[in-house]
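**Q** Attaching a single structure in C-alpha cells format; questions to follow.
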Amino acid sequence: MEKDLTFMLIETADEMERTLSHIDKVTTEQNELIELVNESDKAKKFESFTHSLKNDIDNTLNQRAQLEERHAMLRDVIKECQSNAHVASVVSTLCRAFGIFGTNMPEEPAEEDDKVIKFPKKD
C-alpha cells in the first residue's frame, strides 16, 4: 500500500496559516508606517511612496483573500482524507501523479493488458 500523504497536506495548511498571520502583521505595520509618515511634516515629500505602499497593501490583501480560500479548500480535503481512507489514497495518488511534495511515480513496474510499464528509476 502506498504511503498516505495527508500529513503533507496538513503541513501545507499549517504553513498557509503562518503565512496568513504574517501577512496580517506586515500589512498592519505598513499601514502604521503610512499613518506615521502622513502625520509628519514630510508627508508631502513621501506622498508617492505612501501611495505606492497603499497599492502594495491592496495587492497583498487580494492575494491574502485568495490564499484564505485555498486554505479553506485544503482543510476540507484534509478532513475528507482523515475520515475516508479511499479518499486519502486517491488524493495521495494525485499528489504523486503531479509530483506534488516532491513525490514521484512509483518505481516498481505496473502491469496493464499483459504489458509491463516501467517507470523511470530515481537517480
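**Q** Residue by residue through the stretch 37-50, note down the ones that are surrounded by fewer than 11 Cβ atoms within 10 Å (Cβ to Cβ) and assigned to a helix (DSSP H, G or I).
**A** E39, S48
**Q** On the basis of being modelled with pLDDT of 95 or more, acidic (D, E) and open to solvent by 80 Å² or more (accessible area, probe 1.4 Å), does E112 make the cut?
**A** So E112 does not fit the description; no.
**Q** Go through the stretch 82-106 and give me each residue that's part of a helix (DSSP H, G or I) and open to solvent by less than 40 Å² (accessible area, probe 1.4 Å).
**A** Result: A88, V91, S92, C95, R96.
**Q** Out of curiosity, is K25 surrounded by fewer than 11 Cβ atoms within 10 Å (Cβ to Cβ), not hydroxyl-bearing (S, T, Y) and not in a helix (DSSP H, G or I)?
**A** no
**Q** To continue, here is another question. Kindly indicate whether K79 is surrounded by 11 or more Cβ atoms within 10 Å (Cβ to Cβ), over 20 Å from the mean Cα position of the chain (by Cα) and part of a helix (DSSP H, G or I).
**A** In short, no.
**Q** Now for a different question. Report whether or not M16 is in contact with a Phe, Trp or Tyr (Cβ under 8 Å, 6 or more places away or on another chain), open to solvent by less than 80 Å² (accessible area, probe 1.4 Å) and under 26 Å from I78 (Cβ atoms).
**A** no
The values are calculated or read from the model by the stated rules, or taken from the named source; none is laboratory data. The model shown is predicted, which means the values in this text are computed figures rather than measured ones. Positions of Cβ are generated from backbone atoms using ideal geometry, with glycine treated the same way; all protein chains shown enter the neighbour counts. Heavy atoms of the whole protein, side chains included, go into the accessibility calculation; ligands, DNA and RNA do not. Shrake-Rupley method; radii C 1.70, N 1.55, O 1.52, S 1.80 Å.
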